[in-house]
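Participant: This structure is in structure tokens; I'll ask about it shortly.
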Amino acid sequence: MGLLLCLPTIGWSVAQEPQAQPSTLTNSPFEPANPKVETLDEIMLKISGMTGDIVWKASKGEILGSGNEITYIAPGKPDKEIITVTDATGKVATLTFEVGGFLELHLKDILFLFIVGFIGGLVSGFIGSGGAFVLTPAMMSMGVPAIMAVASNMCHKFPKALVGSIKRAKYGQVDLKLGLIMGISAEAGVLYGASIQTQIKEAFGDVGSNLYVSFVFVVVLAIVGGYVLRDAIKIYKQSDSVGAKEHEITKLARWVQSVNIPGTMMYFPSLGTKISVLFTIPLGFATGMLAATIAVGGFIGVPAMMYVLGAPGLMASATELVIAFVMGMGGTIKYALDGFVDIRLAMVILAGSLFGVQLGAIGTTYVKDFMVKMVMGVIMILVLFSRGLKVPVYLSEMGEIEPLSETTISILNYTSFGMLIFALATGAIIILYALIKGYMKHAKEEALAEEFSIAQATTDEEVETFPASAIQLSPTGRLKNVLLVSDKSEASRGAESEAIKLVQRTDGRLSAMSVLMINPEHESLARQLIEAEDNSSIAHLETVQKSAEKAGVNCDINIRHGIEIYQEILEEAERKQIDVIVMGRRGYTGLKRLMMGSNTAKVIGHAQCNILVVPKFAKIEGKRILVAVDGSRYGDIAANAAVKMAKYLHAPILLVSVVQSELKEKRHIETVEIIKRVESFIKQEGVVVEAQILSGRPAMSIIEIAENKGVDLIVVGSHGRTGLDRILMGSVSDRIIGYAQCAILVAKA
Amino acid sequence: MGTKTGAMIQTVSLGLLSAILYFLLYYFNETILDWSKQGGWYFIVPISIAFIFSLVHGTFTGHFWDLLGVKAKSVKKRG
């Protein structure tokens, strides 16, 4: 199969120079007559029927030796080769064949591909659509045959689509049924498209295949690029009314949804209605055909789902990931079976594009909508001209038009390549400029906000009067500056109401935040994803803000984006000089907890301030506060925080210390002393206290007594173990947090 | 260990892993291309390479920008 790579158009011909006598040869004078050559191959070539001194000339490769038998070294690029042999009488014989195989990669090619990959990714992440219209032509400009450029491009994309679709499915944005139905019909389109490609390559060689791909590019880019530019100008003109556009169903989609063809109707969750699969099948097929031809199927898939079927934008682009994966994988396998995938090209592009995709996606949050579309349209039109300029070159090489002069060909080649570079550079500069400008402006605003928040914190501190004796144990116990972390889930409900109540009691300040995980592997989603998640999180935080205001509490809201949720929480806490972070509990226990980790556990492990963990149904009503001490300074910190809470809540304290059963005798006296010391401190603070020494496993004993005594808040210290240490040794506070039914305050400061 | 150091170690290890993968691809590129060229069942070679690289390098790049502090614009509202 791999041999298909080399050669399809092999031929030979013998021509006369004008001044020489014509001669006719019926058999090829060359041996081998049909050489199968790959890049950098060395082969022996023989010629017969020539007289006197012979001059060999190769248009692309190299000739070693002289006489009737020479060594031919193929060039590093797959290309059409013409070997010309002239003898002493002026007789000329030519041998034409295709050099197949993979492109020889030099460092400069790798750098070029990496940069093109980066810019392609940047553009993709920014405009939310495949960068293939940049990547495929770029590979072709380097001398990669079209079929390999398309195959390698597909190969670098489909794993990203898989990871992306799994992630999106978790957020309920993927209509798997629609994705699979469209995916399967797209697969048929890919196979059909790929076989057309292979046939064209067999019939007309790489030139024919290049012409076909370039032609499709020009047509598609003209239509899509023109449409996008028009849209950008329209949005720009109505810039006053730019805002989050609601999902509107087009007239066409309404009609499609109203058509009832019995026996073909199927319900799709993303559309919320039944439609005939006779509509989805051709759409899928067209998406696949286009993907196999230029490696950009999303150009048809996403708009088709939105405008023809009536799916919401975010669901359409998330569902497109399933289609992209199914057809990308199928297409790559089909091309790989024929040996057309150059994995080096695919992986170098991947290296650059993954850096770009994420930066591009981040960039969209700093610019206006029309800017995104403008960049997309401009790049598309520039690439269109770049590809269009190559069409006459291919036509001339195929002999379809009058042969162009070498100068014309090289001018067209250079201009085409130059325009591609210009298109890439333009896109990259606009995006990076927008990103840097937006980022700096945002950073300035952040700094101002921070100054304001620090100033306010200082004012608060001056007004506050600490109970003098609180300083005797350790300088801790502030619970005024509260950070509520909400993830919109049910698990955060308890935390939300308790955070508001806590601020009410302490007369402090409340900030509410959500963290969105941003790590878009797949470009087609990036932009819409950030927008949609931002909007729904803001809406949720605004309801929290409203309930806070009803309770007479001012509340700032803030959304952060990051890879590690706990890091964002900690940074925000540090920035705002937070005293206590209030969080919900997901309720994972055992192995699941160990495997999945828990952001709450990570925050507890790393935070410098206190953390209040509130399970969904827990309420802090001030019935009784349990504080567990072990004689360490962490226990002291816990006791101090418990006193502070007891004063706010007017609640009694249940002071406990646990002696492990086997050490009971030995440790009893020691524990009594610990308890007495803390008990007297609490009494001195004027809080009612009851002390108990428990025996057994610390965490379980504490949870049990808390349940029996109607405790509604457990206060524990934390040794602050993190990482492996925490996994191996476990942590009493970790277990209490995992299993207790009431709220838990982990005192750290 | 601070969170910043932790994040740094994680990012650097992912980066190293990614670099090792690329080095291996470069080192064995001739063998890999020979396999790819043969087509047939050898299609598994490029496909599995694509999956592994995508996963490792994708995780690395995400952490990379985050560590540099380049992140999506945060949204704020004052109460």
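Participant: Testing A:V688 on (1) surrounded by 14 or more Cβ atoms within 10 Å (Cβ to Cβ); (2) farther than 18 Å from A:K619 by Cα, one condition comes back false. Which one is that?
Facilitator: (1)
Participant: While we're on this one: Evaluate region A:506-523: report whether one residue or more is in a helix (DSSP H, G or I), modelled with pLDDT of 75 or more and farther than 16 Å from A:M583 by Cα. Steps first, please.
Facilitator: Residues of region A:506-523 that are in a helix (DSSP H, G or I), as a first pass: A:506, A:523.
When the remaining residues are screened for being modelled with pLDDT of 75 or more, the result is A:506.
Okay, now just the ones that are also farther than 16 Å from A:M583 by Cα, so A:506.
Scanning region A:506-523 turns up at least one residue that is in a helix (DSSP H, G or I), modelled with pLDDT of 75 or more and farther than 16 Å from A:M583 by Cα.
Participant: Give me the pairs: first residue in region B:27-38 and within 7 Å of chain A (Cβ to nearest Cβ), second residue among the β-branched types (V, I, T), beta-carbon distance under 8 Å, and six or more apart or on different chains, which are they?
Facilitator: B:I32/A:I343; B:I32/B:V45; B:I32/B:I49; B:L33/A:I343; B:S36/A:V341; B:S36/A:I343; B:S36/B:V45
Participant: Can you confirm whether A:A423 is crowded, with 16+ Cβ neighbours inside 10 Å and at pLDDT below 75?
Facilitator: So A:A423 fails the test.
Participant: Of the numbered conditions (1) within 14 Å of chain B (Cβ to nearest Cβ); (2) at pLDDT below 85; (3) not in a loop (DSSP other than H, G, I, E, B), A:G117 satisfies every one except a single condition; which is it?
Facilitator: Of the numbered conditions (1) within 14 Å of chain B (Cβ to nearest Cβ); (2) at pLDDT below 85; (3) not in a loop (DSSP other than H, G, I, E, B), the odd one out for A:G117 is (2).
Participant: Kindly indicate the residue of region A:537-554 that is within 32 Å of the chain's Cα centre (by Cα) and in contact (Cβ under 8 Å) with a residue 24 or more places away in the chain and also farthest from the other protein chains (Cβ to nearest Cβ) among those meeting that condition. Show your work before the answer.
Facilitator: So in region A:537-554, the residues within 32 Å of the chain's Cα centre (by Cα) come out as A:537-545.
Narrowing further to those that are in contact (Cβ under 8 Å) with a residue 24 or more places away in the chain: A:537, A:540-541, A:544-545.
Working: A:S537: 8, A:H540: 12, A:L541: 8, A:V544: 10, A:Q545: 5 Å.
Among them, the one singled out is A:H540.
Participant: Next question. When A:I200 is evaluated against the numbered criteria (1) without any contact (Cβ under 8 Å) to a residue 24 or more places away in the chain; (2) within 12 Å of chain B (Cβ to nearest Cβ); (3) in contact with a Ser or Thr (Cβ under 7 Å, 6 or more places away or on another chain), which criterion, by number, is the only one it fails?
Facilitator: (2)
Participant: Still on this structure: Considering only residues that are facing chain B (nearest Cβ under 7 Å) and in a loop (DSSP other than H, G, I, E, B), look in region A:327-341 and name the one that is farthest from A:K108 (Cα to Cα).
Facilitator: It comes out as A:D338.
Participant: If you take the residues in region A:426-436 that are away from chain B (no Cβ under 12 Å) and in contact (Cβ under 8 Å) with a residue 24 or more places away in the chain, which one is surrounded by the fewest Cβ atoms within 10 Å (Cβ to Cβ)?
Facilitator: A:T426
Participant: Right, here's the next one. Go through (1) surrounded by fewer than 24 Cβ atoms within 10 Å (Cβ to Cβ); (2) small (G, A, S); (3) modelled with pLDDT under 80 for A:G143 and report which single condition fails.
Facilitator: Checking A:G143 against (1) surrounded by fewer than 24 Cβ atoms within 10 Å (Cβ to Cβ); (2) small (G, A, S); (3) modelled with pLDDT under 80, the one that fails is (3).
Participant: Report yes if some residue within region A:252-265 is at pLDDT below 85 and either part of a strand (DSSP E or B) or under 27 Å from the mean Cα position of the chain (by Cα) (or both); otherwise report no.
Facilitator: no
Participant: Would you call A:F299 modelled with pLDDT of 85 or more and at negative phi?
Facilitator: no
Participant: While we're here: All but one of (1) at pLDDT 80 or above; (2) part of a helix (DSSP H, G or I) hold for A:I530, so report the exception by its number.
Facilitator: Evaluating A:I530 over (1) at pLDDT 80 or above; (2) part of a helix (DSSP H, G or I) leaves (1) as the failure.
Participant: Go through region A:156-197 and count every residue that is over 10 Å from A:M289 (Cα atoms) and within 14 Å of chain B (Cβ to nearest Cβ).
Facilitator: 12
Participant: Out of the residues in region A:362-378 that are of a type in the set (A, V, I, L, M) and assigned to a helix (DSSP H, G or I), state the one that is farthest from A:K237 (Cα to Cα).
Facilitator: Keep residues of region A:362-378 that are of a type in the set (A, V, I, L, M), which gives A:362, A:367, A:371-372, A:374-376, A:378.
So of that shortlist, the ones also assigned to a helix (DSSP H, G or I) come out as A:362, A:371-372, A:374-376, A:378.
On the way: A:I362: 25, A:M371: 12, A:V372: 15, A:M374: 13, A:V375: 16, A:M376: 17, A:V378: 17 Å.
By that ranking, first place goes to A:I362.
The values are calculated or read from the model by the stated rules, or taken from the named source; none is laboratory data. Only a predicted model underlies this, so the values are computations on that prediction, with no experimental measurement involved. FYI the Cβ positions are ideal-geometry reconstructions off the backbone, even for glycines, and counts take in every protein chain you see.
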